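Okay, structure first, notes after.
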Amino acid sequence: MATPVLDKADAAGQPEPGFADSPYITVTFRVRRFNPEVSAEATWEDFQLEIDPKERVLDGLHKIKWDVDGTLTFRRSCAHGICGSDAMRINGKNRLACKTLIKDINPEKPITIEPIKGLTVLKDLVVDMEPFFQAYRDVMPFLVTKDTNEPTRERLQSAEDRERFDDTTKCILCAACTSSCPVFWNDGQYFGPAAIVNAHRFIFDSRDEAGEQRLEILNDRDGVWRCRTTFNCTDACPRGIEVTKAIQEVKRALITRRY
Amino acid sequence: MSTTETAAPGVGPVEGTPVYTVENPAPLIEAPRKRTKKTPKSTRGNFELAAWLFMRLSGIVLVVLVIGHLLIQLVLDGGVSKIGFAFVAGRWASPFWQVWDLLMLWLAMLHGANGLRTVINDYAERPNSRLWLKALLYTATVFTILLGTLVIFTFDPNIR
């Protein structure tokens, strides 16, 4: 393999050849930090990192936590976009830190990292997810059938019936959608996109028999009718679920059921 | 890898004397959106469904009514210069235009009031500000609808 050799004159003023080949760039992580034991106010803190732009934001946070400041607190479990633990507001948009490559979010400027909005911040990037999971539990996210006996065979379903709710089975409960919703930011009483998506998953499941009950739950003052179709949730979903469409389908089901 | 750390306000030392102890615990962060005893058990009902549907249907009807109204009042047959007491008296002599204007009044007022109601619900954060804003809104709506209806039905073309 012949490597092109640069003239000395050309190389003058340029970084060392070895350094130029280095994939590392300097990135500033601007992290929203909050520690109630130190201050009631949240503050921004800048961290400069030498990092490969093809790495993820989560790798940058790991570098900070492991090598720079061990007090930085954030959630992450699988680190591969399936557990839904590390949803955060990166450059003003809700994303999973483990699915966001640094090169994709303009590393020239400082990368801002904040906790997701609308839920109480406990420390740094960790929020209290309880209101979110409360809304999730309220829509009964489990199969309900009338037969009290144990089934003696599988509950069969046609491919078309399965396809009907396929999109909403992809939810990983990361709260990126619910915490991007301006209606949820207001008073947090709205069920939120994630709960409606998980209700949709069972309402349109041909094997489930409590669709009517779930529709009634979502016919609440703070149910589907508070949706303003701003599409923030669809934009935020790291799984690409058409969240607003699912909410509209629930609305339509409610209307066609009544009229 | 070289990393540098800049100003670290608000971040206390991990090791060292803790600020809070068992006797003097850190302040509890109360979740502002927690479901408390005051939170109603259920606010289910068909009102929001009906309101949502009304907004869509009245919107469609209003497009026809308002565009027709604007055409007649401002564009056709001499435009705005023709409007006067006689023009209004002439139109309201016919029950058709009475019904048209009445329908437009009611639908526009209810459509607008319902829209403002959702805006208040979305943007007012304290229950008290919600209550008073909505009270003001409903009073203004009822007043305007009743006054408008009264005028349409009791209009006297021979008034001096």
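The values are calculated or read from the model by the stated rules, or taken from the named source; none is laboratory data. This is a predicted model, so every value here is computed, not measured. Every residue, glycine among them, receives a Cβ derived from its backbone with ideal geometry; neighbour counts consider all protein chains shown. What goes into the accessible areas is simple: the full protein's heavy atoms, side chains included, and nothing from ligands, DNA or RNA. Shrake-Rupley method; radii C 1.70, N 1.55, O 1.52, S 1.80 Å.
The loop-placed trypsin sites (Lys or Arg not before Pro) in region A:34-122, going by DSSP, that have at most 15 neighbouring Cβ atoms within 10 Å of their Cβ come out as A:Lys54.
Return the loop-located chymotrypsin sites (Phe, Trp or Tyr not before Pro) in region A:108-217 (DSSP other than H, G, I, E, B) with at most 14 other Cβ atoms within 10 Å of their own Cβ; answer none if there are none.
The qualifying sites are A:Phe142.
The helix-only estimate of mean residue ellipticity at 222 nm for chain A, built from DSSP H runs of length n ≥ 4 each weighted as -39500 (n - 2.57), is -7500 deg cm²/dmol after division by the residue total. Accessible area per residue was computed with a 1.4 Å probe on protein heavy atoms; B:Thr141 scores about 10 Å². Taking only the C-alpha atoms of the protein assembly as shown, Rg followed by Dmax gives 29.7, 104 Å.
For region A:78-222, the convex hull spanned by the alpha carbon atoms encloses 145 Å³ per residue.
Lacking any other cysteine beta-carbon closer than 4.7 Å, the following Cys residues of the protein assembly as shown have no compatible partner: A:Cys98, A:Cys171, A:Cys174, A:Cys181, A:Cys227, A:Cys237.
When a/c reaches 1.5 or more, the comparison of a/b and b/c decides; with that in mind, is region A:197-259 rounded, prolate or oblate per its Cα gyration tensor? Cα axes put region A:197-259 in the oblate bin. Just the number, please: Stokes-Einstein D of region A:57-121 in µm²/s, Kirkwood Rh from C-alpha pairs, 25 °C, 0.890 mPa s. The diffusion coefficient I find is 200 µm²/s.
Within 10 Å, at most 13 other Cβ atoms, and a DSSP state outside H, G, I, E, B define an exposed site. Report the longest part of chain A free of exposed GluC sites (Glu not before Pro). Segment A:155-259 is the longest. Annotation for A:Thr256 and A:Cys83: the two label points, set 7 Å from Cα along the Cα-Cβ direction, are 4.0 nm apart. Among B:Trp100, A:Trp225, B:Trp106, B:Trp132, the sequence by solvent-accessible area, most first, with a 1.4 Å probe is B:Trp132, B:Trp106, B:Trp100, A:Trp225.
Chains A and B together bury roughly 3800 Å² of accessible area, counting both sides, with a 1.4 Å probe on protein heavy atoms only.
Of A:Arg164, A:Arg226, the order by accessible heavy-atom surface (1.4 Å probe, DNA, RNA and ligands excluded), from most exposed downward, is A:Arg164, A:Arg226.
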